[in-house]
Structures are given as C-alpha cells and as structure tokens.
Amino acid sequence: LNYSVGGQIETLVHLDTTAGGNTQHTILGYLAKEDRVYLIDKSLSVVSYKVLLGVLQYQTAVMRGDFDSANELLPSIPIEEYTKVARFLESQGFKEEALAVTQDADHKFDLSLELGHVDTAHQILLETPDEDKESTDTHAKWKRLSDAALKDTNLALCESASISSNDFSGLLLLYSATGNLNGMEKLAAMATEAGKTNVAFVANLLTGNVEACADILISTKRLPEAAFFVRTYLPSKIDEVASMWKEDLFTVSETASKALAVPKDNSDLFPDMEIALQVEQMFLAQREKTKVTGIPAKDYMTAKDDLDLNLIQLIKARTQPAAAEAPPAEEKTDDDDGAAEAAAAAEAQAAAEAEAAALKEAEDAAAAAAAAAEAAAAAEAEAKDDDFGEDWE
C-alpha cells in the first residue's frame, strides 16, 4: 500500500497478494477525522492503517520547498512520528533538518557522522544506557566515531573513542605517530590486561621496556623467541631463559635439548659476554635517564646514528687500546739467526733468477723487433724498384 507525495512514492505497508501477485484488498476510503485509510479484502474483512494528515501535509510542503509552512505543521505531528518524518527528510537530501527532527538515537548518530558532527555523535554515545555500553553494537559505534574523529584531526576525541571501543591497534598507531610516551605506556598495560599480546609487545618495545617484552614471550610459551630476544637486549637473562627452553624442548627431543648451549656451561660459544653485560647496563642507564621525557623528536637527526653503533666493538676499542699496537720483539737465538740467513740467501737467489729471466726476455724482444724492422725495410725497397720500372715503360 503506497501513497504519493509530490511524485515521491512512500510505502505504507506490505499487503498479502495472491499466487499470481495480485492484491487481495480494495481501498474503501480515507477518513481525515480518524487519520486512517480503510481497505476490504475478498472475504469482506475490513482493515485500516494509520496515515496522519499532518504528516502528509508536512511532506507535501517539503516537496514544494516551502519549509516555512513545514515548520508550522511540525508541532501538529505527534512526537512518535518524528523519526518517520526525519527518514523522509533524509531521503530527500535534507540531512541537517532530519538530524534536528529525528528521535531515534541510532538514526541521529548515523546522521551526525555523515554530516561530520563528531561532537554530537560523541554526546549521543555518552548517553548510552549502562546495560548497552559493553555491547558489540556500542563498541562498533565508538570505532566509527574514532575513525571520523581521526579524519577530522580531532586527536583527543579519537583517543577517547579508541579507548572506549578497546581499539588497541588504533591507539598503537595514534600514540606512535604522535610520540605519546605516556599514552604508549598506558596502552602496554591495557593491552596486557586484555590479552592483546602482539600490541602489548610492540608498545613495550617502543617504550624500551625490554623486561616486559621478555616476560610476554615467556608467558606465551614463545621460549625460542624469548631466548634470542634476551640474547640481544638482556644478556643477563640468557642462562635463565635458555635453561627454560632446554627443559621445554626436552619433552619433545632429548637430543635437540642437549644441543642447546648455555653461557654458564659453554662460555666459549658466547664470546664477549662480559662486554655484552656492560652494554646492557649502558642501555638501562640511558633508559632511566630519559624515562620521564623520552628522546625528543627534534633530536632524531643525531639520535638515528646511534642505531648503527656496534657497542661491543666500541667498548672493546676503549678498554683495549694497546691491542692495536705492535707486539714486542722477541729475543733472537742462534737457530733464529741461521734460519734468517738461509731465508735471505734463498730470497737473493730468487731475485737473481728473476733478473736473469727478465734480461733474457728483453734480449729476445729486441731481436724480434730488429728482425721485423729488417723485413719491413726490404719490402719497402722492393716496392720502390717495381714503381721505377713501371714509370719508364
């Protein structure tokens, strides 16, 4: 059952039809006093549907573009019909007017985002009933608001909405892009509590909390990764983590477990371990120094060069300066003198032989050059004789 307003077809209700698709009802008429349209079917059953005259008049005024008359008619329409009127306004492209009229919270939220009114959408979500705050639908709305706020560069609202929707990935992006150290530390704690270990690991790594990173890898049974991680960042914990890895691997393969080396038992396989421990202390001291403020972004051009430093080689160069000096000369013995004389004689003989070979090679080259010059001169003389004869014939 449809009705037309200014050429716009509005559906009032879907009626039953026959198998052939034909309607089973006939319109009896419309009573404006009752605001109802009456129909009768083939079994002579009478049904009626509510069609408010005020709504029809309002829609007609809107279609004509007469908003003054439409605004005068709006108070005569029951409030429960406002949402229906708002959807009609939205269908005609009047979304601002629809936002002002609608009474449905979901509809108002959607219109607010479409129109870019993120503060209005935020206020709507803050008024969400307590029983619905943790629902999937509410979290989805917070996520949509977060995206809209980010697009509008409203970073404060974007952060608030992301926290409300537990959008840890979005917060990781936001805090890393804005250099928010405190926010990143809070995110690490929230993600750990929520079991989002991937985000928690990255957040802790970005803030330099390598101890928490190692704990996450251990708690999630990623012992191989934990062993390699502490080998790089926390060498003081290698024995502990490697032992845990050996014990865990022993349940799978005893041979493989025994093949794993631990610094306390295989110190020869872990060179420069003492220096690595010094580097760890340097790292922890630097982290403590910049714990409150972090490293400012303006220092990037100088700080980035530190990423290429080989700290172990640097400490070795500072603590072992004499290593680059030549070793002291050893005392000579009679045997050493004899060996030196023999080596010198052999070297002199080899030099003489090389000189003789070079001299012979030079003589051969000179002889070959002379022969070639002689042959060229003979050929030239013969050519001149032939030419003289031809000229006098």
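The values are calculated or read from the model by the stated rules, or taken from the named source; none is laboratory data. Just so it is clear, the model here is predicted, and its values are computed rather than measured. Neighbour counts are summed over all protein chains in view; Cβ atoms, including those assigned to glycine, are modelled from backbone coordinates with ideal geometry. Just so you know, the surface numbers come from the protein's heavy atoms only, side chains and all, with ligands and any DNA or RNA stripped out. Shrake-Rupley method; radii C 1.70, N 1.55, O 1.52, S 1.80 Å.
Looking only at segment 1-30, residues that are modelled with pLDDT of 85 or more and of a type in the set (S, T, N, Q) come to 1 in all.
Filtering segment 122-132 for residues that are within 26 Å of the chain's Cα centre (by Cα) and either modelled with pLDDT under 95 or not in a helix (DSSP H, G or I) (or both) leaves an empty set. The set of residues in segment 39-91 that are assigned to a strand (DSSP E or B) and either over 25 Å from H14 (Cβ atoms) or open to solvent by 60 Å² or more (accessible area, probe 1.4 Å) (or both) comprises V46, Y49, K50.
Inside segment 2-38, residues that are in a loop (DSSP other than H, G, I, E, B) and either without any contact (Cβ under 8 Å) to a residue 40 or more places away in the chain or on the phi < 0 side of the Ramachandran plot (or both) make up a count of 15.
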